[in-house]
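The values are calculated or read from the model by the stated rules, or taken from the named source; none is laboratory data. Nothing here was measured: the structure is a model prediction, and the numbers come from that model. Methodologically, a virtual Cβ is constructed for each residue, glycine included, from the backbone with ideal geometry; neighbour enumeration extends over all protein chains shown. Each accessible area value is taken on the protein alone, full model and side chains, heavy atoms only, with ligands, DNA and RNA left out. Shrake-Rupley method; radii C 1.70, N 1.55, O 1.52, S 1.80 Å.
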Amino acid sequence: MKNKNAIGTWGGFVLILVWCLLPVAWIISLSFKSPDETAAGSPQFLPQDATLQNYKDILDNPDFLDALRNSFGISLIATVLSVIFATLAAYAIARLEFKGKRLVLSLALAIAMFPVVALVGPLFDMWRTFGLFNTWLGLIIPYMSFTLPLAIWTLTAFFREIPWEMEQAAQVDGATSWQAFRKVIVPLAAPGVFTAAILTFFFAWNEFVLAISLTSTTSSRTVPAQLSYFVGPDPFNPPYGQLATASVVVTVPIIVIVLLFQRKIVAGLTSGAVKG
Amino acid sequence: MSTTVATPAAKDPQPGKPPKARMSDRANAENRLGLKLVAPAVIIMLVVTAWPMIQALYLSTFRYRLTSPDDKEFVGLGNYGTVLTDGLFWQDTWNTVLIMVITVSVELVIGFIFAMVMHRVIFARGVIRTSILIPYGTITVVSAFAWQFTFSINNGWVNSWFEWLPWIGPDTNWFGDHWPAMFAIMVSEIWKTTPFMSLLLLAGLSQVSEDMIEAAKVDGATWWQRLWKVILPNMRAAIMVAVLFRALDAFRIFDNIFVMTRGAQDTESSSFLTYRQVIEQLQLGLGSALSVLLFLSVLLLAFLIVKLFRVDLAQARGEG
């Protein structure tokens, strides 16, 4: 009985690893294949002649570099702003009694479930009127709106766990309220804020619908949108290798973040969603 | 900063003021501060959702194409009539519902198995957690490409690895027909989002008390009975949240289809149809009608799922 369980667990373990890593391994393998190999129809998994040419080509491609810069800038700004506003809101929800608390949480939930495409038309029209079409700001504003719900929910869950009495205790011990806040609450809240920031960054880095609808040139087009336009000279024979390489390049930063902060991300994802 | 106001001000009672009035003063101040702190977030959320939605309601009553803005003409509910009598709309709705039902069901099963394994695994927890976050962290567009190349007739490994299966030959063109293309799209969707599902289920699983499972074991319940009678009922809230989130997310499927088929072989989804009308054809009137219908569908769907599971969402999330 015990042995059977162990085999099942081990089998499951291997299954999960294969499931998660196989497509990634495939795209990495493709990125090292030469155009000859990808065009000739060679289905073998590993490249026969590994080459770095694709990486050279991609890193020399100005459109791709622009998109990479846009993605970083837009995601980073949206993350910082979104987390600041979400922190204020979550603090209020977790700590204060005020009317409309539930309303704010319900609104956030409704927006988290909103079909983004439904907003593309009117936003497209509005952004053209306000001159926000095809600008960084034109993407940052909607990214903030759509990441705020997740950030607010995650942070509220985190802030509820903070023993706020400690702040008073510090004040009784002679700290000013600002000192108490900075020395006691900020260190306790920091991990939650950081988690919310990672999740927000993921969302902005991944977002596609708005990125292709509200941009028209490489001055603001982000990586996911740029990738989808990256078909090369012959639309019937896309540059598999280069596409795969570009995919690897944009996935690497995310994987690094995941590796570094996996514990926090899991905590954030689950505490924001399920808290019984 | 703002904490001073919020800190219970019990320290220095002001003489001459009845306690009750002081309490309500403080409550008022707290109320005001709370509203001030949530205001920026609420305003930003509304700017990009509520206002455009009102705009969409308004635009949907016009025949309005951006390429000929002077022909803008009030048509009342005409656009809705056009959409609802169009076969393409229903085909796309059917596709969307089908993708949602199949992917969420499969994800629920696989996600639960993964959650069970992760719950049991004691060694290498870090490894498994990190791996499971890789699909979650991968951009959907990238995962769509990875799977498109996987099923590619020229270079894909599916055709060469699974040749022995009766319906897969080396020259199977997955994107040449409706069902295989839908299959490929769903595989990509499932790969990308199962980890999210399994993490939510894992959180639910860890909240089921071991004592209850142990008690059932002592009473002679089989593994299967323990699963159905003890574990699953106690995870209802977690399962519901996972299904609700994933279903609504799957309902707006767009990226995968855009990259893998561009809607060819009748694989278009509702979101894709809306996008095409608005951005590619610049039919703002008709597109807005589609947007409103999409929004209403999501509302209906959320309502149905919450009713189905009979769980108070706020309660499930610890709102009390």
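Miscellaneous remarks
- The Cα atoms of chain B give a gyration tensor whose axes a ≥ b ≥ c have a/c of 1.5 or more with a/b no greater than b/c, which makes the shape oblate.
- In this structure, the amide hydrogen of B:F62, modeled 1.01 Å from its nitrogen in the peptide plane, lies closer than 5 angstrom to those of B:V75, counting only residues at least 5 positions away or on a different chain.
- In the context of the full set of protein chains, residues of chain B present 46 Å² of accessible surface per residue (probe radius 1.4 Å, heavy atoms only).
- Exercise: per-residue mean of other protein chain Cβ atoms within 10 Å, A:85-97: 6
- Per residue, region A:108-247 exposes an accessible area of 34 Å² to a 1.4 Å probe, with every protein chain left in place.
- Rounded to the nearest 500, the helix-only mean residue ellipticity at 222 nm of chain A stands at -24500 deg cm²/dmol, with each DSSP H run of n ≥ 4 adding -39,500 (n - 2.57).
- Measuring between alpha carbons in the structure, the pairs from A:K99/B:K307; A:K264/B:K192; A:K99/A:K183; B:K229/B:K307 lying more than 23 angstrom apart are A:K99/B:K307; A:K99/A:K183.
- Averaged over peptide A:22-35, the number of partner chain Cβ atoms lying within 10 Å of each residue's Cβ comes to 4.
- Rounded to the nearest 100, the interface formed by chains B and A buries 9700 square angstrom of accessible surface, both chains summed, with a 1.4 Å probe.
- Alpha carbon centroid spacing (whole Å) that separates region A:153-204 from region B:132-159: 40 Å
- Per-residue ³J(HN,Hα) for region B:48-56, Karplus 6.51 cos²θ - 1.76 cosθ + 1.60, θ = phi - 60°, Hz, x for Gly and Pro: 9, 10, 5, 5, x, 5, 5, 4, 5
- Counting only residues at least eight positions apart within a chain, or on another chain, the aspartates and glutamates with an alpha carbon under 18 Å from that of A:K56 are A:D36, A:E37, A:D66.
- Residue among B:V142, A:V80, B:T172 farthest towards the positive dipole end of the protein assembly as shown, charges placed on Cβ: A:V80
- Cα shape, chain A, gyration tensor, a/c 1.5 rule: oblate
- Cα-based shape type of region B:240-291, given that a ≥ b ≥ c are square roots of the gyration tensor eigenvalues and the cut on a/c is 1.5: oblate
- Within chain B, helix-based [θ] at 222 nm, where runs of 4 or more DSSP H residues each add -39,500 (n - 2.57), nearest 500: -21000 deg cm²/dmol
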